[in-house]
Ligand code: ARG
């Protein structure tokens, strides 16, 4: 699988390890070593199997570097043009499969440089002037992550809009709200769904905050200390859409806090998606029967013909650990590193790639699922009819009449205990029976209890009353239009 290389130097006369590969990571080693790198060592250290995902951004960074090198007088215009054309051709060839990554390529940077040099001859060797793979990879990763982040933010907005639109259809659907997964008080389904809008809009804000700090260009930091060449770092930053250059070369080449920030935001997002996924699992069970998943987003059983399984939701929930794991992995990589670059930093990529794939995949699949979710409004409403859910309202009514809330709570507790013992609906007790439970309890406290009316008493900002929800919906739509 070795590639023809225009710059192949003569094989050293010295004995090489029998395992030494033909193209074994030589470019980066130059003439310093008497032996080719051991094949197992190359396999152990190589990142090309995964960092080839950065190809496009690596070439983008190199194209900007070429322009800045030309401005610094290190490349003639003709050379800059040849290098730029060559870089684009290498990217196209690798993308189309016309050129191949070689097993001896240590990473995507060396693969591109090898193919470029194969094309252009010694001119290819000028590309790495005033640059190190340390500022190169820091640049590539920022560029790549910025694109992923922007795509994710757009996808998150679409998911958020799906929640808001489903909420708009269910302003008048009432279901039990739960604490401890025990029925607590009636809430409007719109209110429940808008809770996810709040989570997702904070998630979006976190990604955008992280983007602001991420968007600086490390190019020109070189290996660790900056470069002797007069690079216009403002120019390369601008060419790459960064807000400006990073301020300290040691920091720029060796920190990955932008990865950590992204992953922290991603872990929170995935936790939110996982909570909703858990509700889908519960709601689609026969025990709840609050919702039915669309057939398009359900799976069957290989043995039980009747089964309709919520695997999509389970996998969103189940993959949360991968995102959390990625966050912990990068934090752990960073914690013991002396300044500046250390190869440990190569371990940032796989967890980051995996986490990005999990969050983007989860967001997208939910965005297509949410609008197709079949809501079983009758089951929800029947469950919300449970008069126990309105007992806080009775206590509130007593408190409004001046009874200390603790006493009101005790009085209604007695009412609940009695009606449970008698298997009676509290709304069917007569005035005498009520008075026997507590002297302040009257018929009008219990007679009109119903779930929708109950929600409408919670008119406070953030409450589940119809009018509060209508306001919240308008705000959510305005949020999304921004
Ligand atoms: N593959 C390396 C990484 O991902 C690129 C930088 C290598 N730098 C070096 N000095 N070995 O971090």
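Since every read-out is calculated from the coordinates, none of them should be taken as a lab result. For clarity, every value in this text was computed on a predicted model and none was experimentally measured. Every residue, glycine among them, receives a Cβ derived from its backbone with ideal geometry; neighbour counts consider all protein chains shown.
Annotations
- Dividing the mean sequence gap of close Cα pairs (under 8 Å, 6+ apart) by how many residues the chain holds gives a relative contact order of 15 percent.
- Using bins of 10 Å that start at zero, the share of Cα-Cα pairs per bin across segment 221-371 amounts to 10, 28, 24, 17, 12, 7, 2, 0, in whole %.
- From helices alone, the chain scores -18500 deg cm²/dmol at 222 nm; the rule is -39500 (n - 2.57) for each run of n ≥ 4 DSSP H residues, then divide by the residue total.
- With only Cα atoms counted, segment 51-100 has Rg and Dmax values of 11.8, 35 Å.
- Semi-axis lengths (Å, descending) of the ellipsoid that matches the C-alpha gyration tensor of segment 281-438: 51, 27, 12
- Cα long-axis angle, helix 320-335 against the chain (0 to 90 degrees, to the nearest 10): 50
- P(r) tail, segment 381-482: Cα-Cα pairs separated by more than 19 Å, 49% of all pairs.
- For segment 135-283, the orientation-averaged shadow of the C-alpha convex hull comes to 10.6 nm² (one quarter of the hull surface).
- 231, 443 arranged by Cβ crowding within 10 Å, fewest neighbours leading: 443, 231
- In range of the label at residue 457: residues from segment 165-189 whose backbone nitrogen is under 19 Å from the point 7 Å along Cα→Cβ: 174-179, 183-189
- Measuring nothing but alpha carbons in segment 202-287 and taking Rh as the Kirkwood radius, the Rg to Rh ratio lands at 1.27.
- Separation of segment 35-61 and segment 193-208, taken as the distance between their Cα centroids, equals 37 angstrom.
- The Cα trace of segment 357-432 gives Rg and Dmax of 20.5, 65 Å, the first to one decimal, the second as a whole number.
- Pairwise Cα distances in segment 288-359 exceed 13 Å for 73 percent of all pairs.
- Estimated inter-spin distance, residue 443 and residue 430, nm [label 7 Å along Cα→Cβ]: 1.0
- Centroid-to-centroid separation of segment 280-327 and segment 125-162 [C-alpha atoms, Å]: 32
- Normalised by 2.2 N^0.38 Å, where N is the number of residues, the C-alpha radius of gyration of the chain stands at 1.36.
- Our summary of shape: the Cα atoms of segment 27-180 have principal axis extents of 75, 41, 28 Å, ordered from largest down, in whole angstrom.
- Ratio Rg/Rh [Cα only; Rh per Kirkwood] for segment 127-211: 1.30
- Principal axis box of segment 123-171, alpha-carbon based, largest edge first, Å: 66, 18, 8
- Our estimate of slack between residue 43 and residue 306, defined as 0.36 nm per intervening residue step minus the Cα-Cα distance, is 89.8 nm.
- Compared with the alpha-carbon gap, the fully stretched path from residue 251 to residue 183 is longer by 19.2 nm at 0.36 nm per residue.
- Residues 146, 400, 477 in ascending order of nearby Cβ atoms (within 10 Å, fewest first): 400, 477, 146.
- When 85, 311 are arranged by Cβ crowding within 10 Å, least crowded first, meaning fewest neighbours, the order is 85, 311.
- In degrees, nearest ten, helix 466-481 long axis to first principal axis of the chain (Cα): 10
- Between the Cα long axis of helix 108-120 and the first principal axis of the chain there is an angle of about 40°, rounded to the nearest 10.
- Within segment 219-265, the percentage of alpha carbon pairs spaced more than 13 angstrom apart rounds to 61%.
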